Amino acid sequence: MPVPKGSTLDPRRTRAAILRAATALLYERGLDGIGVAELCTRLGVSKETLYRHFGTKDGLVEAVLEARSDRVIAWVGQAVAAAGDDPAAQLAAVFDALQQWYEEPAFRGCALVNAAAQHHVPAVRAITTRHLGRHLALLTGIAARAGAPDPDLLGRQLLMLVEGATVVAAHRDPRVPGTEARAAALTLLAAATRPGDLA
C-alpha cells in the first residue's frame, strides 16, 4: 500500500488496511490458496511490510481470523439485540441474519470453520474453537432467557443448526438453509420450554 509523496506512515492504519484487504482475499482464495509473494502483490505491500506488522503469513492469517470472529459475533449480537426481549424473536433474528449472509454473492461459508479445515495448525484451530464458543454462549444465553431447563444442551443443539445450515448453504443451495434452520430452531426452543418437556 504505497504512501503518497509527502504523507507520513501510520502503522495502525497500514495494519488495518492490510487486514481489510487480506480478509477478503483469503476468504475468496482460501488460506493455502495463495502464497506469500502473490499475497503481497495483491495486497500492494512488500514482504518486509507484511512481516513487520504480522511476523509471518500465519500471523496475518491469525489476525484476520480473530478480527473476523469479532465482527461476526458483534453482527449477530446486534441482530439479537434489535429483536427485543423475546427469546424466540432473538433466535429467529440469528437465523434471519444468517440467511441474508448466505445469499450474498461473496458467501463461501464460515471463514473460521473453513480455516480450521484447510489449515491444520493449533493456533487456527484454537481461534475457531473460541469463535464457536462465542456463538455457543450467545445461543445458550437465548435458551436460558427462554427458560429452557437445560440451556447448555439447547445451546449446543442450536449451534449445530447454525453450523449445519452454514455448511449446507456454502455447498448446496444458499437460498433456504437459514430459513429451514430457523424453523427447526424455533421448534426446538418451543419444545424445550413447554411445561413438562425436556430439551
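Calculated translational diffusion coefficient of the range 1-118 (37 °C, 0.692 mPa s; Stokes-Einstein with Kirkwood radius over alpha-carbon pairs) equals 204 µm²/s. Based on the alpha-carbon gyration tensor of the range 100-199 and its eigenvalue square roots a ≥ b ≥ c, which shape applies: rounded if a/c is under 1.5, prolate if not and a/b is larger than b/c, or oblate? Since a/c reaches 1.5 but b/c is at least a/b, the shape of the range 100-199 is classed as oblate.
Using a Gaussian network for the chain with springs between C-alpha atoms less than 10 Å apart, which of these wobbles most: ILE127, ILE73, ILE34? Comparing ILE127, ILE73, ILE34 in the GNM, the peak value goes to ILE34. Sort out for me the Cα centre separation of the range 125-149 from the range 154-172, rounded to whole Å. Cα centroid to Cα centroid, the span is 13 Å.
If you run the Gaussian network model on the chain, springs between alpha carbon atoms under 10 Å, then out of ALA148, ALA115, ALA183 the most flexible one is ALA183.
Contact order, relative form, for the chain: 20 percent (alpha carbon pairs under 8 Å, 6 or more residues apart, mean separation divided by residue count). For the range 16-85, the Cα-based Rg and Dmax, in that order, read 14.7, 50 Å.
The share of alpha-carbon pairs in the chain lying farther apart than 20 Å comes to 60%. By the helix-only formula, in which each DSSP H run with n ≥ 4 contributes -39500 (n - 2.57) and the sum is divided by residues, the chain has a 222 nm mean residue ellipticity of -25000 deg cm²/dmol.
Distance between the pseudo-spin-label points of ALA170 and ARG194 (7 Å out from Cα toward the beta carbon): 3.4 nm. Each label was represented as a point 7 Å from its Cα along the Cα-to-Cβ direction; for GLN100 and THR187 these points are 2.6 nm apart. Seen from a random direction on average, the alpha-carbon convex hull of the range 106-159 projects onto 4.4 square nanometres.
Taken together, the values in this text are just the output of simple stated rules run on the coordinates, not laboratory data. All values derive from a computational prediction rather than experimental measurement. Positions of Cβ are backbone-derived with ideal geometry, glycine not excepted, and every protein chain shown enters the neighbour counts.
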